[in-house]
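The values are calculated or read from the model by the stated rules, or taken from the named source; none is laboratory data. Small disclaimer: the values here were computed from a predicted structure and weren't measured. Heads up, the Cβs are rebuilt from the backbone with ideal geometry, glycines too, and the neighbour counts pull from every protein chain shown.
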């Protein structure tokens with residue numbers, strides 16, 4: 001996490017430098033959303049995050065994003081419940097192309113980067129194990145629309161679908177009672193809603 005914060009600070013400084021030099025418009029987005037995993041019996045994933053973009057032109061933006069989601073699922077066996085809960089943190093680069101630059105701005109976008117995850121396991125409500133940290137590459141196509149509320153503030157609504165590569169079978173690996181580990185979800189899709197401050201020059 002410390003390395004991520006250092007890199008994010010560096011990227012932010014670069015974006016601010018570009019902005020102050022007048023080459024592009026800096027944009028800050030704040031989002032919240034819900035999603036559903038491909039895991040059977042999975043819980044609804046909820047989360048949110050932040051996105052920093054530079055509009056290289058009124059239609060094209062490049063940036064970085066960090067989000068955090070809650071994740072997990074329950075397994076029912078002979079009336080007993082084995083569950084796991086945890087966090088899933090995508091740290092990605094982003095690209096967005098806006099088809100229009102007026103009051104309504106539909107766009108296509110994509111994220112690609114690393115997905116960090118960690119889980120704990122519970123049996124009938126009692127914690128029995130914590131997983132190792134997992135780091136996987138992932139990508140997420142997006143489609144959405146920004147409603148310009150003013151020259152510099154927009155309401156963003158988008159659909160997104162995450163693909164996380166390198167996971168095995170999304171099941172519990174139990175070599176013995178002291179060796180419980182879980183793979184995170186491989187795919188999840190949902191809807192994000194948020195505000196963008198700095199929405200590209202007209």
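Counting only residues that are within 21 Å of residue 113 (Cα to Cα) and touching a residue at least 40 places away in the same chain (Cβ under 8 Å), the stretch 73-100 holds 7 of them. Applying the selection to the stretch 15-52, what residues are touching a helix residue (DSSP H, G or I) at 6+ places or on another chain (Cβ under 8 Å) and at pLDDT 75 or above? Matches in the stretch 15-52: 25, 26, 52. Assessment of the stretch 72-94 against the conditions (within 17 Å of residue 195 (Cα to Cα) and either in a strand (DSSP E or B) or touching a strand residue (DSSP E or B) at 6+ places or on another chain (Cβ under 7 Å) (or both)) yields at least one matching residue.
For the stretch 109-165, which strands (runs of 3 or more DSSP E) that fit wholly inside it have 1 or more residues that are closer than 29 Å to residue 99 by Cβ?
On the way: elements: 126-130, 134-148, 153-164.
Once the strands (runs of 3 or more DSSP E) in the stretch 109-165 are filtered for at least 1 residues that are closer than 29 Å to residue 99 by Cβ, what remains is 134-148, 153-164.
Within the stretch 115-137, being free of Cβ contacts under 8 Å to residues at least 40 places away in the same chain, surrounded by 15 or more Cβ atoms within 10 Å (Cβ to Cβ) and closer than 30 Å to residue 52 by Cβ holds for 116, 118.
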